[in-house]
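K.L.:
Before we start, here is the structure in question, set down as structure tokens.
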Amino acid sequence: MNLKFSAKAIQRGFWMGAMLLSATVASASSSILTFQVDMTDAIAGIGFNPTNQTVAARGTFDGWASPGFALTNNPSGANPNLWSGTFTDTTDGNGLNTSWQFVTVTNGVIDQYSSQNDGDNYVAVLPATSGGSLVIPVEFFSDDGPAVTNALTFQVDMAEQLHLGNFNTGDFVACQGQFEGWSDSFLLTNDTALNVTNGQGVVTSMPYVGTYTTWSEDQNAETEYKFVYNNGSDNYEAPTQGNIDRNNNNNRFLLNQPINGAQVMPLVNFSDASFSASVTNNVTFEIDMTTQIAVSNFTSANTVEIHGDFNSWGNGQTMTNNPGGSTPDIYSTVITYVDAPGAEHYFKYVIQPNTEWENVSAVNASGGNRYLFLAKTSGNFTNGPVYYSDEAPGEIIDFVLVTNCMVTFTVNMTNGTGMGPGGTATFDNAYPSGDSIYLNGLNGGVNDTFWKWGGLGNPTYQMTQIPNTFLFTITVPVNLGQQDYLTYKYSINGYDDEAASGDNRQRWIRSLPNYTMPVDTYGNPTTEIPAGDLTVTAIAGDKVQLSWLGRRGVLLETATSLDPGTVWTPVPLSDGTNLIVAPGGMATTNYTIGQTNVFYQLIGPLPPDQR
């Protein structure tokens, strides 16, 4: 199968030493969540043992911490197999979604994940008001609850789509979902007696309704669905953020009610776009390519495009600049949107050729893409300028600044297993090995341009076994202008078999022109922090040894107090470029402390005016 690489976020800012206190940023929103999970079937089915195992919830609310937020049961309660707990969520925005998983834990280690019928995480819409409470209905671990059969009625209003000209009454409307195989088999119909027409003869409400009579699902199990109209091809709706399960294609979701009977879903607007007089917005998009030009990632041989839902993510629209103007590095283009006031739209910038998609920082992205909201009235406005991949000129330190930086990768294959055509296979530990080991993630030396898995491998990235060991190694070039933060993965015989699809390694190139990565262990993907792990060890006399995970642009600073207004003094030549002496990026230096208190911190990389 094809490798799916997870999106990476470039981490920047301060990394403080162990002697400094961290600050907590107050959140503007919060929700009080009560989780409940019934483990009755888990005790019988997967052998969950309450005497030596616990249950936890982990998700967006706690940053997917491991092993998660511990839940408890009441052995003398009405249901001793019910585990519950209350958590204050200050991470997810009010009125938006929170997603989570239930896990079983032994001695602080996760040993079993729940598996939902819809294949995704659990999800719930948070209270709209900060401080609001939400008691989530009792879930059953892995949706192993009692089966419930309902006649389920769906309703969708197509009036706005008719008004926009996207839809006409000759098109058919369907409700697709996992309950019917995601096809157009379940059609909805319009009862014209239910239509509403205003004084100008415009239809302002046009419900399409249908009842699925053979609905059968586990109690409180989550089911995903979506409305679609067909005018020759399927056109799927795009519901708003508060009504979707963002784990899977922005689908709507519902919980199967706990009793047999009829269940009527509320009437919703297609794509949650209520009837309105549509607005026309001419949006000028501006992208600043300054940083990409400086690191040779964007030259006269390149163009930059904008891609987005303005044309269903089809061909990109090329952007242009004014070479003789005051801002020659800013490229722009105009796109016209006709949609409901405040409608949300998604887009992203791409460098051509080779279709290099930008990596948008999390604060500016929704689902990895940039987004905007149309104005409430027709008119023109400008979006930007923004930096490509949100990388400002001060962040040039995050790029490879030499031609053909040579990076060495080594992996220990002891006890490695892989997925071949016949299923799981143990790595051939004989020397020389009968298996081939590959590195994936650096196609042609360009970070994030991955060759595809499929069993044939790629000879360019076949690793060499070190004689009389289970170590395999390869040295590859990383080109000028590529980011220092590399995403990669190993393979036995060319298959995506080291870890789950999308579970990749991420490490930094910490010195130039050449760098040796730490030895990896097959099957244990690693994500490195940019810098940190500052430790202080006393040595002879009044000296201490300082060690930290360093890189270019990361400086050591000292101060004699932590009082307000304290001036921090940089330690000469403590940048990672000067001090990285060991593979893996560990920087070490000795420091004389004298007779006063000394405090240490790491700073960077940041522009000088922000340090």
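K.L.:
Please state which of the following conditions Asn468 fails to meet, knowing it meets all the rest: (1) buried (at least 16 other Cβ atoms within 10 Å of the Cβ); (2) at pLDDT 80 or above.
P.N.:
Every listed condition holds for Asn468 apart from (1).
K.L.:
It is to be established whether one or more residues within the stretch 551-571 are assigned by TED's automatic domain parsing to the domain that holds Ser436, assigned to a strand (DSSP E or B), touching a Pro at 6+ places or on another chain (Cβ under 7 Å) and buried (at least 20 other Cβ atoms within 10 Å of the Cβ). Step through it out loud before you land on a result.
P.N.:
The first filter runs over the stretch 551-571 and keeps only residues assigned by TED's automatic domain parsing to the domain that holds Ser436, leaving none.
No, because not a single residue in the stretch 551-571 is assigned by TED's automatic domain parsing to the domain that holds Ser436, assigned to a strand (DSSP E or B), touching a Pro at 6+ places or on another chain (Cβ under 7 Å) and buried (at least 20 other Cβ atoms within 10 Å of the Cβ).
K.L.:
Ok, one more. Can you name the condition, by its number, that Arg510 falls short on among (1) crowded, with 17+ Cβ neighbours inside 10 Å; (2) out of contact with any Pro (no Cβ under 7 Å at 6 or more places or on another chain); (3) not in a loop (DSSP other than H, G, I, E, B)?
P.N.:
(3)
K.L.:
For the stretch 261-297, give me the residue count where each residue is among the β-branched types (Val, Ile, Thr), within 30 Å of Gly481 (Cβ to Cβ) and touching a helix residue (DSSP H, G or I) at 6+ places or on another chain (Cβ under 8 Å).
P.N.:
4
K.L.:
Separate question: Which of the following residues is among the hydroxyl-bearing types (Ser, Thr, Tyr), surrounded by 18 or more Cβ atoms within 10 Å (Cβ to Cβ) and over 15 Å from Phe227 (Cβ atoms): Ser142, Ser133?
P.N.:
When all the criteria are applied, what remains is Ser142.
K.L.:
For the list (1) within 23 Å of Ile46 (Cβ to Cβ); (2) among the β-branched types (Val, Ile, Thr); (3) surrounded by fewer than 19 Cβ atoms within 10 Å (Cβ to Cβ), I need the number of the one condition that Val105 fails.
P.N.:
(3)
K.L.:
If you don't mind, there's one more thing I want to ask. Scanning the stretch 270-310 for residues that are out of contact with any strand residue (DSSP E or B) (no Cβ under 8 Å at 6 or more places or on another chain) and outside any loop (DSSP other than H, G, I, E, B), which turns out farthest from His345 (Cα to Cα)?
P.N.:
Ala294
K.L.:
Can you tell me which residues in the stretch 339-355 are farther than 20 Å from Gly384 by Cα and either among the polar types (S, T, N, Q) or part of a strand (DSSP E or B) (or both)?
P.N.:
Within the stretch 339-355, Asp339, Gln352, Asn354, Thr355 meet the criteria.
K.L.:
Evaluate the stretch 355-375: report whether one residue or more is assigned by TED's automatic domain parsing to the domain that holds Ser332, at pLDDT 90 or above, loosely packed, with under 14 Cβ neighbours inside 10 Å and over 21 Å from the mean Cα position of the chain (by Cα).
P.N.:
yes
K.L.:
If I ask for residues that are in a helix (DSSP H, G or I) and not hydroxyl-bearing (Ser, Thr, Tyr), which ones from the stretch 383-403 would you list?
P.N.:
Asp390, Pro393, Gly394, Glu395, Ile396, Ile397, Asp398
K.L.:
Looking only at the stretch 291-317, count every residue that is under 18 Å from Ser366 (Cα atoms) and of a type outside the set (Asp, Glu) and tell me the total. Before you say what the answer is, go through the steps one by one.
P.N.:
Keep residues of the stretch 291-317 that are under 18 Å from Ser366 (Cα atoms), which gives 306-310, 312-313.
Filter once more, keeping what is of a type outside the set (Asp, Glu): 306-308, 310, 312-313.
Looking only at that region, the number is 6.
K.L.:
Can you tell me how many residues in the stretch 85-117 are touching a Ser or Thr at 6+ places or on another chain (Cβ under 8 Å), closer than 23 Å to Ser66 by Cβ and either assigned to a loop (DSSP other than H, G, I, E, B) or in the same structural domain as Ala362 (by TED's automatic domain parsing) (or both)?
P.N.:
Residues in the stretch 85-117 being touching a Ser or Thr at 6+ places or on another chain (Cβ under 8 Å), closer than 23 Å to Ser66 by Cβ and either assigned to a loop (DSSP other than H, G, I, E, B) or in the same structural domain as Ala362 (by TED's automatic domain parsing) (or both): 6 in total.
K.L.:
Could you grab me the full set of residues in the stretch 154-185 that are surrounded by fewer than 19 Cβ atoms within 10 Å (Cβ to Cβ) and not in a loop (DSSP other than H, G, I, E, B)?
P.N.:
Matches in the stretch 154-185: Gln155, Leu164, Phe172.
K.L.:
Listed residues Asp339, Asp329; which is within 15 Å of Phe285 (Cα to Cα), touching a strand residue (DSSP E or B) at 6+ places or on another chain (Cβ under 9 Å) and not assigned by TED's automatic domain parsing to the domain that holds Gly585?
P.N.:
Checking each option against the conditions leaves just Asp329.
K.L.:
Another question, then. Determine which member of the set Ala430, Ala425 is out of contact with any helix residue (DSSP H, G or I) (no Cβ under 7 Å at 6 or more places or on another chain), assigned to a strand (DSSP E or B) and modelled with pLDDT under 75. If you could, list the steps in order and put the result at the bottom.
P.N.:
Values: Ala430 fails: assigned to a strand (DSSP E or B).
None of the others qualify; the one that does is Ala425.
K.L.:
Could you run through the stretch 149-185 and say how many residues are closer than 17 Å to Phe253 by Cα, touching a residue at least 24 places away in the same chain (Cβ under 8 Å) and not hydroxyl-bearing (Ser, Thr, Tyr)?
P.N.:
Final tally of qualifying residues: 13.
K.L.:
From the residues in the stretch 310-353 that are in contact (Cβ under 8 Å) with a residue 40 or more places away in the chain and small (Gly, Ala, Ser), which one is farthest from Phe275 (Cα to Cα)?
P.N.:
The qualifying residue farthest from Phe275 (Cα to Cα) is Ser332.
K.L.:
Here's a follow-up. Cβ-Cβ below 9 Å, separation at least six or inter-chain, first residue in the stretch 226-242 and closer than 17 Å to Trp313 by Cβ and assigned to a loop (DSSP other than H, G, I, E, B), second charged (D, E, K, R) and modelled with pLDDT of 90 or more: which pairs?
P.N.:
The qualifying pairs are Glu237/Lys226; Glu237/Asp272; Ala238/Asp272; Ala238/Asp309; Ala238/Glu344.
K.L.:
On to the next question. Considering the stretch 31-58 alone, what residues qualify as being more than 18 Å from Gln116 (Cα to Cα) and crowded, with 24+ Cβ neighbours inside 10 Å?
P.N.:
Correct list: Ser31, Leu33.
K.L.:
Those residues that are crowded, with 18+ Cβ neighbours inside 10 Å and of a type in the set (Gly, Ala, Ser), I need them from the stretch 277-292; list them, please.
P.N.:
Pass one, the stretch 277-292, residues crowded, with 18+ Cβ neighbours inside 10 Å: 278-279, 281, 283, 285, 287-292.
Once the filter is applied, which keeps residues that are crowded, with 18+ Cβ neighbours inside 10 Å and of a type in the set (Gly, Ala, Ser), the stretch 277-292 yields only Ser278.
K.L.:
What do you reckon, is Ile603 touching a residue at least 40 places away in the same chain (Cβ under 8 Å) and closer than 25 Å to Pro518 by Cβ? Even if it seems obvious, please write down each step before you answer.
P.N.:
Values: touching a residue at least 40 places away in the same chain (Cβ under 8 Å): yes; closer than 25 Å to Pro518 by Cβ: yes.
Judged against the criteria, Ile603 is a match.
K.L.:
Please go through the stretch 81-112 and pick out each residue that is among the aromatic types (Phe, Trp, Tyr) and either modelled with pLDDT under 90 or more than 25 Å from the chain's Cα centre (by Cα) (or both).
P.N.:
Trp83
K.L.:
Here is a further query. Restricting attention to the stretch 324-354, report how many residues are farther than 18 Å from Ser312 by Cβ, at pLDDT below 90 and surrounded by 14 or more Cβ atoms within 10 Å (Cβ to Cβ).
P.N.:
Summing the residues that are farther than 18 Å from Ser312 by Cβ, at pLDDT below 90 and surrounded by 14 or more Cβ atoms within 10 Å (Cβ to Cβ) in the stretch 324-354 gives 1.
K.L.:
Another question, if that's okay. So Gly441 fits all but one of (1) surrounded by 13 or more Cβ atoms within 10 Å (Cβ to Cβ); (2) at pLDDT below 60; what number is the exception?
P.N.:
If we test Gly441 against (1) surrounded by 13 or more Cβ atoms within 10 Å (Cβ to Cβ); (2) at pLDDT below 60, just (2) comes out false.
K.L.:
May I pose another question? Determine which member of the set Asp520, Asp496, Asp484 is surrounded by 17 or more Cβ atoms within 10 Å (Cβ to Cβ), farther than 26 Å from Asp398 by Cα and of a type in the set (Asp, Glu).
P.N.:
Values: Asp520 fails: farther than 26 Å from Asp398 by Cα; Asp484 fails: farther than 26 Å from Asp398 by Cα.
Answer to the selection: Asp496.
The values are calculated or read from the model by the stated rules, or taken from the named source; none is laboratory data. Predicted model, so just to flag it, every value in this text is computed and none were measured. So basically every Cβ, Gly included, is an ideal-geometry build from the backbone, and we count neighbours across all protein chains shown.
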